[in-house]
1. With a 1.4 Å probe and all protein chains kept in place, how much accessible area does Thr344 have, in Å² rounded to the nearest 10?
2. Provide the net charge surrounding Ala297, with neighbours chosen by a C-beta distance below 14 Å and charges set as Lys +1, Arg +1, Asp -1, Glu -1.
3. If I take R0 = 60 Å and measure r between the Cβ atoms of Ala64 and Ala369 in this structure, what FRET efficiency does the formula 1/(1 + (r/R0)^6) give, to the nearest 0.05?
4. Please list Arg130, Arg194, Arg239, Arg259 from largest to smallest accessible area, probe radius 1.4 Å, with all protein chains kept in place.
5. Give me the distance in nm between label points sitting 7 Å out from Cα along the Cα-to-Cβ direction at Trp32 and Leu161, one decimal.
6. Excluding ligands and nucleic acids, what accessible area in Å² is computed for Lys243 using a 1.4 Å probe, to the nearest 10?
7. Using a 1.4 angstrom probe with every protein chain in place, what is the largest-first accessible-area order of Glu353, Glu307?
8. In sequence order, what are the phi-derived ³J(HN,Hα) couplings for the range 141-153 according to the Karplus relation 6.51 cos²θ - 1.76 cosθ + 1.60 with θ = phi - 60°, rounded to whole Hz, with x for glycine and proline?
Amino acid sequence: MIYASAMSTIQRPPDPQVSHRLRLNTLIRLRWLAIVGQSVAVVTVAYGLRFPMPVGACFALIAASAWLNLLFAFRYPAAHRLSPAAALGILVFDSLQLAGLLYLTGGLTNPFSLLMSVPVVISATSLSLRLTAFLGTLVMILATLLAFWHRPLPWEAAAPLEMPSIYVAGIWLAVLSSIAFSGIYAFRVAQEARLLADALAATELVLQREQHLSALDGLAAAAAHELGTPLATITLVAREMEKGLGIDSRYHDDVTLLRSQSERCREILKRLTSLSSENEAHMARLPLTSLVEEVTAPHRDFGIAIELKPGDRAGAEPIARRNPGVIYGLGNLVENAVDFARSTVTVHWRWDEDHVGLTIVDDGPGFPAEVIDRIGEPYMSTRPPTAERGGGLGLGLFIAKTLIERSGARIGFRNSAGLGEGAMVEIDWPRAAFVNPDSAGASAIDVA
């Protein structure tokens, strides 16, 4: 029961296929804004400036958009998220409706023709690249058609306004450039945000898992405490049965075995409780050298030598409170170094009155020069693939970097000498943040 309760606190990450879908309410609100703007523009031009224009046809297209909005508002709840195909269908309708209005009011000579890029930008922030490319292509085709076929631009009837062909060509090029540039830009920004959100969710899950594993001692003690009472009852009942049956040979051996096994269970639970309480202080706090030994020990049996070399030390050795996030992050960095090392990984550590530092160096191929400034970004490979190992996606390194930086540390990645001569990871904690994480806004580590 205790284990199940603890496991229930580890939440699953949100499904990206659901969390990244566009909310219907978002499109409805944007369309109401467009409807109001279109209506104001038509009324101003037709009745304010008194330019001749097909008001009825324009309001028919605006009414179609409003009717669709009302249908969606009454048919679906506000929090409804659209499937990619449904969202694409709505954006295609918006593009065709806007193209229809532009056809009635001058085509690309209408100053509002640049608004044709809006549906593409919305698609780029929420839909896949394939669907966005389809919508962008459709809008570009519509823009091209509007450059040749359209009703006259609303103007004074006595002096119709005719735009030069070179000017229309310039507007056409500007519209297409706006669609392409804004769509690509919006897609890249949204994609990076999605990758970062997914990576942070994965980081939180890793941290929760490590915290859960570090709490198993407490769970064992709690389980021993809860099981102690029913086992005591079983033992008492077994003794009474043994006394009541006397020398009855039919049940005496079974009852004696039951009592002895219940006593054995009680002894096991006592040892669990004492083990947890005896090791609590020892396990909760780690000197820096013990922390280094703990994060390197699991990676010593993979054919790569791990050398521990203490550096400059001034003052008392810092003793850190055990933190699952920091331990996992450092272990991940050591594992990454072992994966790409040729023969040796070296771990240096140091401390003084102002800083606590740790450096991990391998003798592998090092970080490629073209990505060294982007190391730590989620889902980006940081090492060239080898025959034995893949290059990786970079998510593990991102998680390690995030967890360590949460402790108040600064972390840097570089090559130890030159490309092909090994990679180096340098971690530095200000001693004030290391000793008092609350003052540094960190929550990962505490040191005496």
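1. Approximately 30 Å² for this residue.
2. -4
3. The calculated FRET efficiency here is 0.60.
4. Working: Arg130 180, Arg194 35, Arg239 105, Arg259 65 Å².
The most accessible residue leads, giving Arg130, Arg239, Arg259, Arg194.
5. 3.2 nm
6. 150 Å²
7. Working: Glu353 125, Glu307 75 Å².
Sorted descending by solvent-accessible area, the residues read Glu353, Glu307.
8. Running phi through 6.51 cos²θ - 1.76 cosθ + 1.60 with θ = phi - 60° gives 5, 4, 5, 5, 5, 5, 5, 10, 10, 6, 7, x, 5 Hz.
The values are calculated or read from the model by the stated rules, or taken from the named source; none is laboratory data. Keep in mind the model is a prediction, meaning the values are calculated, not measured. Cβ coordinates were reconstructed from backbone atoms using ideal geometry, including for glycine residues, and neighbour counts include every protein chain displayed. Keep in mind that these areas ignore ligands, DNA and RNA; they rest on the heavy atoms of the full protein, side chains included. Shrake-Rupley method; radii C 1.70, N 1.55, O 1.52, S 1.80 Å.
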